1. Hey, can you tell me all the residues within segment 96-108 that are touching a helix residue (DSSP H, G or I) at 6+ places or on another chain (Cβ under 7 Å) and buried (at least 24 other Cβ atoms within 10 Å of the Cβ)?
2. Look through 244, 314 and report the one residue that is under 26 Å from the mean Cα position of the chain (by Cα) and either within 14 Å of the ligand (Cβ to nearest atom) or in contact (Cβ under 8 Å) with a residue 40 or more places away in the chain (or both).
3. Could you tell me which of the residues 168, 138, 111 is within 14 Å of the ligand (Cβ to nearest atom), of a type in the set (Gly, Ala, Ser), open to solvent by less than 10 Å² (accessible area, probe 1.4 Å) and in a helix (DSSP H, G or I)?
4. Quick one: what pairs do we get from segment 641-664, first residue closer than 15 Å to residue 518 by Cβ, second charged (D, E, K, R) and surrounded by fewer than 21 Cβ atoms within 10 Å (Cβ to Cβ), C-beta under 7 Å, 6+ apart or different chains?
5. Residue check, residue 88 against (1) assigned to a loop (DSSP other than H, G, I, E, B); (2) surrounded by 18 or more Cβ atoms within 10 Å (Cβ to Cβ); (3) within 16 Å of the ligand (Cβ to nearest atom), all met but one. Which one?
6. Could you count how many residues in segment 280-331 are open to solvent by 20 Å² or more (accessible area, probe 1.4 Å), part of a helix (DSSP H, G or I) and among the hydrophobic types (A, V, I, L, M, F, W, C)?
7. Can you tell me which residues in segment 156-215 are aliphatic (A, V, I, L, M) and free of Cβ contacts under 8 Å to residues at least 12 places away in the same chain?
8. Looking only at segment 110-155, count every residue that is free of Cβ contacts under 8 Å to residues at least 24 places away in the same chain and among the acidic types (Asp, Glu) and tell me the total.
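The values are calculated or read from the model by the stated rules, or taken from the named source; none is laboratory data. Keep in mind that what you see is a predicted model, and the values were worked out from it rather than measured. Cβ sites come from the backbone with ideal geometry, for glycine too, and all protein chains shown count toward neighbours. These accessible areas exclude ligands, DNA and RNA; they are computed on the full protein's heavy atoms, side chains included. Shrake-Rupley method; radii C 1.70, N 1.55, O 1.52, S 1.80 Å.
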Amino acid sequence: MNNLVRVSTNDDVTVITIDNPPVNALSPGVPEGILAAIDQMNQDPAIKAAVVIGAGRTFVAGADIKEFGKMTSGVRSRGSLLPLLLRIEDSRKPVVMAIHGSAFGGGLELAMAGHNRVASPSAQVGQPEVNLGIIPGAGGTQRLPRLIGVAKAVEMCAGGKPVSAREAASLGLIDQLIEGDLAAGAVAFARSIAESPVSKTRDRSEKLGSAAECAAIFATARDSVRKKQRALLAPLAAIDAVEAATQLPFEEGCQTEARLFTECLFSDQSKALIHVFFSEREVAKIPDVPKETPALPVNRVAVVGSGTMGGGIAMVFVNAGIPVVLKDVDQAALEMGLNRIKRNYATSVQRGRFTQSYVDERLELIKPVLSYDAFSDVDMAVEAVFEGMAPKKTVFAELDSACRPGAILASNTSTLNIDEIAGATSRPESVLGTHFFSPANVMRLLEIVRGKKTSKEVIATCMQMSKKLGKIGVLVGNCRGFVGNRMFGPYRREAQFLVEEGADVAAVDEALVEFGNAMGPLATGDLAGLDVGWRIRKEYRHLEKPGVRQPFAEDRLCELGRYGQKTMKGWYQYDENRRASADPEVTTLVRKWSAEAGIPQRQISASEIVDRCIYALVNEGARILEEGYALRAADIDIIYLNGYGFPPYRGGPMWHADTVGLPKVYQRICELQLQHGELWTPAPLLKRLAEEGKTFAEYDKQQLAAA
Ligand code: T1G
């Protein structure tokens, strides 16, 4: 064996332990170690059966994703797991797979090549490969339908969602659930079936159904994928592969699967989604805040302001089991806030996301107050009041005297200067930004804004806390609009300019939706409220550079009281169900304003719309990166995927630019600069990387190496 796979015997049963931390991925050496142990077991007359089990917190979380990069760059050929799994299946003596934690991807494929599977009730099994833009590549699409039927296999392979061990047992995927000591239970199970003939999954066909039944299942699945997973290649490929299992002998089905797997693996979508997988984990690593940095306790929290954001933030904490003191200025405001929280929870119960008893428990954890009296023992206070510097400084001065020393004081500001806010307290080291995204109880992103004096303990605490809250915490620097909103400004600026130059409102949004965004920039403005940006622009009017073109359309709409969905009119008009429709009045108004401003009207293509909006993001992202307000280009990508509805299969704006090629992006931005002036001055970092033929991903590696 080798140091990744250990072998021990328990009387007449061999126990093969996979020990490749942190998640027992099938890295080079693991499959080989398992196979050698199986061969040895079959040659040992004293041994009747084998148990395969994972050391540490999980069974096998799949193939080693880190190896894929080597495959797609030709450094390493795609050594298939298939021959190994066939050899296991062909073992003369039974091989029992003992599952705890996760059996995902190649891990479940390994388990299905075994003759039987037992599991801890808390275990999960699944084929999540589509989340990486690929499909199962080691027989999963061929063995799974043989074990659980075609419909469920399609759902698991095309949807990528895991199922619990209990559900897997009810489907026939798991033969026995084992409470308590899994290894002991598995050995006992193996001993109990040692004399029975082994059952090979690949020889089974009783659950493959008839051609007619299957045709209906595949048609429905393809429709659903085309609707819900628009533009994604892998889910459709997964359906094709499972279909092959119902039409071809096992070996030929595996060849079809292998072909589809390779096509997906070499696709830009898969490269982007694998980038997302590792970036979502990388964002938690702060070079100058080592993971050993002690975190402060956060067991009791206060939230100031029970408005839309304050209420949502309170829900986030109580959903994580952390009691909240929720304060507002008067009873009426507090009741309005509590009613909004109750309405949100009622919607979640209606949609089956929560049970009523769960909601009742959550509401019990919220203590509404009108004074700071109950703030003396909170570990953290989050301010979510009106977006103005003066009211925020007042609240922070009050929190400074109401909260115990060492308590963290956080602001949910989306644009304002954290250092200036911290200046209103005697403890700037305990102050930072925790920028939640609306609706706070839904959106996964949490921008954690580092002030000049914010301590490493406070940062470490909030980064770890974000995981507990079910959020992706991304550390950003303290510049205006931080990372997300600072980039969103130029993105929405271009969207307005395009309408002012003759593009149709819906055409602008459709072009970005076609690109893959969850929603277009103008409809997003209507959702968030056009007045939010208008108020901020008015507060910062003095910072605008004279002679530099500024969009006017949205300000003019706001002057007419068109704030978007909340006033039933914005860029679009809305019915009582908030359904949007084009408003010809907006077109007339903008044409008139553009004529007054002397802006010539012209036909504008969808590709120009996408270029201007997306490259505005990239250019500002590059500035943010070189100014050091984001640690990595990958962090910017994670912010845009989880806070702004950017399509994951494009990897984020910075990864997308790398995929297009920075020389091409730079050249296009130079063209736009010629046409539209200094707003399109290329970011120096972008210019440099383009000229050096480098990528943002390489820049990240270089920065990491230098850190
Ligand atoms: N390969 C390589 N590294 C992996 C890995 C994997 N499969 N899974 C996790 N890691 C690393 C991860 O980057 C992190 O590293 C550390 O482990 C802890 O992960 C042939 C082709 C299992 C639910 O898609 O879903 O099999 O940041 O922070 O929150 O058909 O990891 O510490 O350096 O996520 O406890 C299919 C992927 C692969 C499952 C644990 N499998 N993993 O979550 O820890 S494709 C997957 C997960 C495949 C076959 C195909 C989760 C987890 P670092 P973590 P966690």
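1. If the condition is that a residue be touching a helix residue (DSSP H, G or I) at 6+ places or on another chain (Cβ under 7 Å) and buried (at least 24 other Cβ atoms within 10 Å of the Cβ), then 96, 97, 98, 99, 103, 104, 105, 108 are the ones that fit.
2. Testing whether each residue is under 26 Å from the mean Cα position of the chain (by Cα) and either within 14 Å of the ligand (Cβ to nearest atom) or in contact (Cβ under 8 Å) with a residue 40 or more places away in the chain (or both) leaves just 314.
3. Just a single option satisfies the conditions, and that option is 111.
4. Cβ pairs passing all conditions: 642/444.
5. Single failed check for residue 88: (1).
6. Within segment 280-331, residues that are open to solvent by 20 Å² or more (accessible area, probe 1.4 Å), part of a helix (DSSP H, G or I) and among the hydrophobic types (A, V, I, L, M, F, W, C) number 1.
7. If the condition is that a residue be aliphatic (A, V, I, L, M) and free of Cβ contacts under 8 Å to residues at least 12 places away in the same chain, then 184, 188, 212, 215 are the ones that fit.
8. 0
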